[in-house]
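The values are calculated or read from the model by the stated rules, or taken from the named source; none is laboratory data. Model, not experiment: these values are computed from the prediction. Cβ: placed from backbone, ideal geometry, glycine included. Neighbour counts: every protein chain shown.
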Amino acid sequence: MDHTNIAIIGAGPHGIAAAAHLRRASVECHVIGTPMSFWQTMPEGMLLRSNRTATSIAEYDGPLSLESYYAVRGQPLELPVPLDDFVNYGLWVQQQVAPDIDQRVVSSVHAQADGFVLTMADGEQLSARRVVVAAGIADFVHRPGVCRTLPPEVASHTADHRDLSVFSGRRVLVVGGGQSALESAALLHESGAEVEVVVRRDHLNWLHGGKYHRKLGRYARLVYAPTDVGPMGLSRIVAVPNAFRRLPRQLQNPIAYRSIRPAGAAWLQPRLEHVPIHLGRVVSQAATVGSGVRVELDDGSNRDVDHVMFGTGYRVDVAKYPFLDGRLVERVRRVEGYPVLQAGMESSVPGLHFLGAPAAWSFGPIMRFVAGGWFGGRSLTQAVTRRTTPDAPRPTPAGVPVGDGRAP
């Protein structure tokens, strides 16, 4: 059986960021996963709504930044960044920090006396003193109850599709008012589908698209952090996870919600000009009718469509990671599916760490975004090296080597 100091499960932005920071500190780690795999399943034509700095992996200013990638390519950086460009950027960072990546699938993780044993899909095993779970959100897709009663031919989640052009000429009802729902609706419309959108809330939230940054000029950085999460004022609070986590929970919850409430990028508005959007409506019933589906809304109106697409987001529950042994999960203290983490993103099981969205309950909303990898990678590295590093977002040094509870 092979052995490693730290096994990182996941090769998306958070796993890659962790590898970057650990290897800069000369800490051995073994990265397992298909690089940027989740991002490569997202619908073609999507654009990232985050700004220049927040779209960077591991650091927002330095040799691994998004700007450095475009400089290497000899191309100017333009916003919004196309999904395919971001995927290629992630693969480029991965080549810089983890060219030796292990692309096998981890089928199980079990605890042992001095660490953990990872069993691969090919039957081989790897022992590790620590395991870092950076496996993303693909296992957390939220499908409403009404969706679960319908066959996949007529009902799906926005996460299920790479090529939306297959819906050309078909009637599609999109449910949801966040970025994934609204951008999927725009892409469907542009692909020739007949689209309607149903939104539970009585209004849509639109991001301002940097309007206030431009008005404030060089003073914008005083109220907006490079992480680009949260409105003016709150942005600086949520950008410092070690400070945010010390706030009373009755403050954390509303601040977190205000920072990540469902919203669409401003550049989507003109693309949805000819798409009917029904506000304050909920799907109450849905049933197959012939080759399509009849949807009843809570106002009693019906829609006969060919397909219903739910942009209803993700709900974290680490017990849904298929590779984590059930007995191991039972030892992880959790609050509504989120692991309760301490310094170094470490769970109640010594040596078991969680990065990305599962860390949001403990360290705040930026952990749900690419920019959360800056803090996650540094915090993990600090814990395993016992070094002290500043908590606030800043460039990292150059020269990268080639159970359960209820939320209050």
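Residue pairs whose Cβ atoms lie under 7 Å apart, sitting 6 or more positions apart in sequence or on different chains, and linking a residue in region 89-104 that is under 12 Å from residue 8 (Cβ atoms) to a partner that is of a type outside the set (S, T, N, Q) and part of a helix (DSSP H, G or I), are 94/16; 97/16; 97/19; 97/20; 97/23; 98/16; 98/19.
Of all residues in region 60-75, those being among the hydrophobic types (A, V, I, L, M, F, W, C) and surrounded by fewer than 19 Cβ atoms within 10 Å (Cβ to Cβ) number 2.
Within the option set 118, 150, being assigned to a strand (DSSP E or B), touching a Ser or Thr at 6+ places or on another chain (Cβ under 8 Å) and more than 29 Å from residue 49 (Cβ to Cβ) holds for one residue only, 118. Restricting attention to region 33-59, the residues that are surrounded by fewer than 24 Cβ atoms within 10 Å (Cβ to Cβ) and more than 30 Å from residue 189 (Cα to Cα) add up to 3. The set of residues from region 293-318 being more than 22 Å from residue 142 (Cα to Cα) and either surrounded by fewer than 17 Cβ atoms within 10 Å (Cβ to Cβ) or of a type in the set (Gly, Ala, Ser) (or both) comprises 299, 300, 301, 302, 304. Taken over region 1-31, the criterion of being touching a Leu at 6+ places or on another chain (Cβ under 9 Å) and more than 21 Å from residue 383 (Cα to Cα) is satisfied by 1, 2.
Checking the stated criteria, residue 198 turns out to be out of contact with any helix residue (DSSP H, G or I) (no Cβ under 6 Å at 6 or more places or on another chain), crowded, with 22+ Cβ neighbours inside 10 Å and either in a loop (DSSP other than H, G, I, E, B) or outside the structural domain of residue 108 (by TED's automatic domain parsing) (or both).
When residues in region 234-266 are screened for being over 27 Å from residue 187 (Cβ atoms), of a type in the set (S, T, N, Q) and either assigned by TED's automatic domain parsing to the domain that holds residue 277 or crowded, with 17+ Cβ neighbours inside 10 Å (or both), 2 of them pass. Just one of the listed residues (226, 254) is in a loop (DSSP other than H, G, I, E, B), under 25 Å from residue 373 (Cα atoms) and either modelled with pLDDT of 95 or more or not hydroxyl-bearing (Ser, Thr, Tyr) (or both), namely 226.
Pairs linking a residue in region 269-285 that is basic (Lys, Arg) to a residue that is exposed (fewer than 13 other Cβ atoms within 10 Å of the Cβ), with Cβ atoms under 7 Å and 6 or more positions apart or on different chains, are 281/299. Please determine whether any residue of region 107-121 is buried (at least 19 other Cβ atoms within 10 Å of the Cβ) and touching a helix residue (DSSP H, G or I) at 6+ places or on another chain (Cβ under 7 Å). Within region 107-121, one or more residues are buried (at least 19 other Cβ atoms within 10 Å of the Cβ) and touching a helix residue (DSSP H, G or I) at 6+ places or on another chain (Cβ under 7 Å). No other residue among 126, 173, 118, 150 is at pLDDT 95 or above and assigned by TED's automatic domain parsing to the domain that holds residue 276 apart from 173.
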